[in-house]
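The values are calculated or read from the model by the stated rules, or taken from the named source; none is laboratory data. Model, not experiment: these values are computed from the prediction. Because the Cβ atoms are built from the backbone with ideal geometry, glycine has one as well, and the counts that use them run over all protein chains shown.
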Amino acid sequence: MDRQHDPQPVPSTLYTEEYFRTACEGYDEFNASEGEHLSRRLAAAFKLAEITPGMAVLDVGCGRGEILRHCVKLGANAFGIDYAEVAVNMSQQVIEGIDGKTPGKTGVAQADAKKLPFPTGAFDRVLMFDVVEHLYPWELHSAMLEVHRVLKPDGLFVIHTAPNVWYDRYAYPVVRFVRKLMGQGEKYPKDPRQFLVDVNQHVHVNEQSQWSMTQALKKAGFKGKVWLDSPPQNRQENPMLATMRHVAFDLVPFRWFFEREVFAVAAKMGEK
């Protein structure tokens, strides 16, 4: 397939140790525990995988390696790949620290998600946490086709990605307007991407909505559930804000725009 007109992948050199320790989701928890504890949203995504002893698990874009650590602690055999050399090194340090102390086996390698170095039908679970937004659409499709190939017939593909692009495009201006009326406008810049650490503005190239994530999975031969969620909301505010939060986060179609995280659990079409 001719890819000469597709955008080039994000350079792996942008993913430095500083990035993983100061900008990548879960860095506070990682720095404090070297992977023993997961952030709220990584823990929520990991729980969806329902890892059990003896499973073969692949973590695509394994980053710092804490997900591998949690897989093998549960008795799974977990393998991670990342195309950034620094991520592979960090993951190796994490898994070396647990070698021989957990029931599962683990390993990590530098590889491209679009060309997974594993045999067909090798894994019970394939995880892709906070990776989707870093892959251009053509890359994501190629990576999903590879996931489809290496997944067992009854296996599951588990995804987390953020932010929900519909929030940034359509809901955030409403949030900003309301906050300005409340005298808090200085905390809400016109561009929601200004909330991101600077490097994330350069490496987030394919943020998703619930609809686009559903379509991407379907195009790659998957079916399953895609849904939205958000960090816990403060419901103890004044009655007006409490009512607005209820409408925004609990009612369709508003929640499609105001929820900020995208989750998915999918299986091969016709398999499960």
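Quick check on L181: is it modelled with pLDDT of 95 or more, among the aliphatic types (A, V, I, L, M) and surrounded by fewer than 22 Cβ atoms within 10 Å (Cβ to Cβ)?
So L181 does not fit the description; no.
Considering each of V94, V57, V88 in turn, give the residue that is in contact with an Asp or Glu (Cβ under 8 Å, 6 or more places away or on another chain), within 17 Å of I159 (Cβ to Cβ), surrounded by 16 or more Cβ atoms within 10 Å (Cβ to Cβ) and of a type in the set (V, I, T).
Exactly one residue qualifies, and that residue is V57.
Can you report the number of residues in region 103-114 which are surrounded by fewer than 19 Cβ atoms within 10 Å (Cβ to Cβ) and either at positive phi or of a type in the set (S, T, N, Q) (or both)?
So the first thing to find is which residues in region 103-114 are surrounded by fewer than 19 Cβ atoms within 10 Å (Cβ to Cβ), and the list is 103, 105, 107, 109-112, 114.
Checking the rest, the ones that are also either at positive phi or of a type in the set (S, T, N, Q) (or both) come to 110.
Going through region 103-114 one residue at a time, the tally reaches 1.
Could you go through region 117-134 and let me know if any residue there is surrounded by fewer than 16 Cβ atoms within 10 Å (Cβ to Cβ), touching a residue at least 40 places away in the same chain (Cβ under 8 Å) and within 20 Å of Y15 (Cβ to Cβ). Explain how you work it out, then say what you get.
Step one: of region 117-134, the residues surrounded by fewer than 16 Cβ atoms within 10 Å (Cβ to Cβ) are 117, 119-121.
Going one step further and asking which of them are touching a residue at least 40 places away in the same chain (Cβ under 8 Å), we end up with none.
No, region 117-134 contains no residue that is surrounded by fewer than 16 Cβ atoms within 10 Å (Cβ to Cβ), touching a residue at least 40 places away in the same chain (Cβ under 8 Å) and within 20 Å of Y15 (Cβ to Cβ).
Within region 142-156, identify whether any single residue is farther than 29 Å from L58 by Cα and surrounded by 14 or more Cβ atoms within 10 Å (Cβ to Cβ), and answer yes or no.
no
Determine which member of the set A78, A109, A87, A45 is small (G, A, S), part of a helix (DSSP H, G or I) and within 20 Å of L151 (Cβ to Cβ).
A45
Would you check if F118 is within 27 Å of I51 (Cβ to Cβ), of a type in the set (F, W, Y) and in a loop (DSSP other than H, G, I, E, B)?
Spelling it out, F118 is indeed within 27 Å of I51 (Cβ to Cβ), of a type in the set (F, W, Y) and in a loop (DSSP other than H, G, I, E, B).
Return the residues of region 127-155 that are outside any helix (DSSP H, G or I), within 22 Å of N200 (Cα to Cα), of a type in the set (A, V, I, L, M, F, W, C) and touching a strand residue (DSSP E or B) at 6+ places or on another chain (Cβ under 8 Å); say none if nothing qualifies.
L127, M128, F129, V131
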